[in-house]
């Protein structure tokens with residue numbers, strides 16, 4: 001983020017904490033940097049799973065981004081943000097009937113098929129609607145993406161159809177009634193920081209496309225190579241070398257495009273586009289010493305930012321955190337930064353050196369644009385969803401209100417136990 005700390009402090013003073021702050025200029029810059037590293041015939045699809053706020057999606061859409069969705073709500077957000085059906089693909093291993101029917105009704109560019117059973121369901125729904133549904137076959141390849149801490153292919157997962165099975169049965173997919181197979185989809189891994197790994201992964205997918213196309217003499221109209229480009233969250237990690245990425249990917253895609261000029265090439269990206277454009281702001285409400293450790297207790301922890309708390313990681317490492325209320329010349333101390341939960345794991349900063357903290361100081365957890373509140377247990381202890389604020393072109397926009405107690409309570413339904421005797425002590 002490139003926003004002045006004074007602007008962040010002003011925003012949280014107006015809208016409260018905990019809050020997520022997004023830098024609109026950084027978001028646009030990240031998207032453009034990725035687009036500029038790719039040939040103009042490669043379409044970038046923003047993955048709403050990392051951050052589905054409609055205003056952020058709308059801003060990216062204004063720059064030309066297409067959208068990849070994984071739920072009916074993400075689909076409706078994409079539409080509200082200005083995405084057209086021909087620029088939407090729908091992923092996910094468990095699509096409900098009403099979700100598939102909605103996607104078919106809209107005529108989106110591709111429903112990404114995760115299993116042969118799902119293909120049969122889409123065929124049936126399309127037949128009932130009297131239309132042909134556009135699909136892409138997701139393949140779980142016999143290849144594992146190196147450099148990815150979370151591998152989504154090349155091993156047993158609930159994603160896609162195994163490569164050998166897909167190649168063997170592709171003829172039946174092409175012959176399925178009321179189905180038009182646009183092409184294939186492969187997503188092998190995420191948070192990859194090495195350009196060479198992205199290149200090798202993409203090469204494998206393009207070769208797989210070529211193999212299936214030649215085997216069945218079928219002219220596909222799309223190939224989705226996934227993406228998985230990441231963000232360096234921790235010390236000793238280096239960002240993706242975008243120059244090397246461009247040097248590797250442009251010739252690869254150009255060679256493929258020369259052979260298949262009518263095939264739409266799709267690259268997905270979420271974390272790379274928005275990860276560095278967001279931060280979580282929390283307020284320090286308590287300072288205490290406990291068993292020789294100094295704790296700064298804040299109003300936002302695991303409930304708002306499970307990734308920063310290390311959820312899903314065996315080794316807990318700190319996201320970069322800054323005390324933006326303190327001057328840079330302030331003495332530093334070692335802190336444990338905790339959240340508001342009654343859980344010993346609610347720590348978002350472990351043994352982290354920060355400029356001296358005072359009560360009511362604002363701490364900023366950086367690199368938090370992706371996988372923030374929507375992938376966190378925001379209702380733990382009924383604290384609710386944090387505010388979201390967009391700073392863009394010298395303006396401050398509240399793009400999601402912080403949940404109030406009544407927002408949460410009003411979703412509950414109180415039963416009137418008319419025939420139950422009230423027990424009193």
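The values are calculated or read from the model by the stated rules, or taken from the named source; none is laboratory data. What you see is a predicted model, and the numbers here were worked out from it, not measured in a lab. Positions of Cβ are generated from backbone atoms using ideal geometry, with glycine treated the same way; all protein chains shown enter the neighbour counts.
Miscellaneous remarks
- For the stretch 373-394, filtering for residues that are surrounded by fewer than 17 Cβ atoms within 10 Å (Cβ to Cβ) and in contact with a helix residue (DSSP H, G or I) (Cβ under 9 Å, 6 or more places away or on another chain) leaves 6.
- For residue 221: the one exception among (1) more than 27 Å from residue 90 (Cβ to Cβ); (2) surrounded by fewer than 20 Cβ atoms within 10 Å (Cβ to Cβ): (1)
- Residue count, the stretch 398-419 (criterion: surrounded by 15 or more Cβ atoms within 10 Å (Cβ to Cβ), under 25 Å from residue 8 (Cβ atoms) and either in contact (Cβ under 8 Å) with a residue 60 or more places away in the chain or over 23 Å from the mean Cα position of the chain (by Cα) (or both)): 4
Here is a yes/no grid of residues against (1) at pLDDT below 95; (2) out of contact with any helix residue (DSSP H, G or I) (no Cβ under 6 Å at 6 or more places or on another chain); (3) within 23 Å of residue 403 (Cβ to Cβ):
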| residue | (1), (2), (3) |
| --- | --- |
| 305 | no, yes, yes |
| 311 | yes, yes, yes |
| 323 | no, yes, no |
| 326 | yes, yes, no |
| 334 | no, yes, no |
| 357 | no, yes, no |
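- Count - residues of the stretch 260-269 that are surrounded by fewer than 21 Cβ atoms within 10 Å (Cβ to Cβ) and not in a loop (DSSP other than H, G, I, E, B): 1
- Matching residues, the stretch 317-345, being part of a loop (DSSP other than H, G, I, E, B) and under 22 Å from residue 275 (Cα atoms): 317, 318, 319, 320, 324, 339
- When residue 272 is tested against (1) closer than 29 Å to residue 321 by Cβ; (2) at pLDDT below 95; (3) crowded, with 16+ Cβ neighbours inside 10 Å, just one condition goes unmet, and that condition is (2).
- So residue 232, is it surrounded by fewer than 22 Cβ atoms within 10 Å (Cβ to Cβ), not in a helix (DSSP H, G or I) and not assigned by the TED database to the domain that holds residue 375: yes
- Failed criterion for residue 279 (all others in (1) in contact with a helix residue (DSSP H, G or I) (Cβ under 8 Å, 6 or more places away or on another chain); (2) farther than 11 Å from residue 372 by Cβ hold): (2)
- Strands (runs of 3 or more DSSP E) completely within the stretch 58-138 that count 2 or more residues being out of contact with any strand residue (DSSP E or B) (no Cβ under 9 Å at 6 or more places or on another chain) and over 18 Å from residue 177 (Cα atoms): none
Residues checked against (1) free of Cβ contacts under 8 Å to residues at least 12 places away in the same chain; (2) in a helix (DSSP H, G or I):
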position	(1), (2)
182	no, no
205	no, yes
209	no, yes
238	no, no
258	yes, yes
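- Tabulated pairs, the stretch 328-340, first in the same structural domain as residue 295 (by the TED database) and exposed (fewer than 12 other Cβ atoms within 10 Å of the Cβ), second at pLDDT 95 or above and in a loop (DSSP other than H, G, I, E, B), C-beta under 6 angstrom, 6+ apart or interchain: 331/356
- Looking only at residues in the stretch 353-386 that are within 20 Å of residue 271 (Cα to Cα) and in a strand (DSSP E or B), the one that is nearest to the chain's Cα centre (by Cα) is 365.
- Qualifying positions in the stretch 39-54 - in contact with a helix residue (DSSP H, G or I) (Cβ under 7 Å, 6 or more places away or on another chain), assigned to a loop (DSSP other than H, G, I, E, B) and surrounded by 19 or more Cβ atoms within 10 Å (Cβ to Cβ): 51, 52
- Look at (1) modelled with pLDDT of 95 or more; (2) within 22 Å of the chain's Cα centre (by Cα); (3) more than 28 Å from residue 353 (Cα to Cα) and you find that residue 228 fails only one, number (1).
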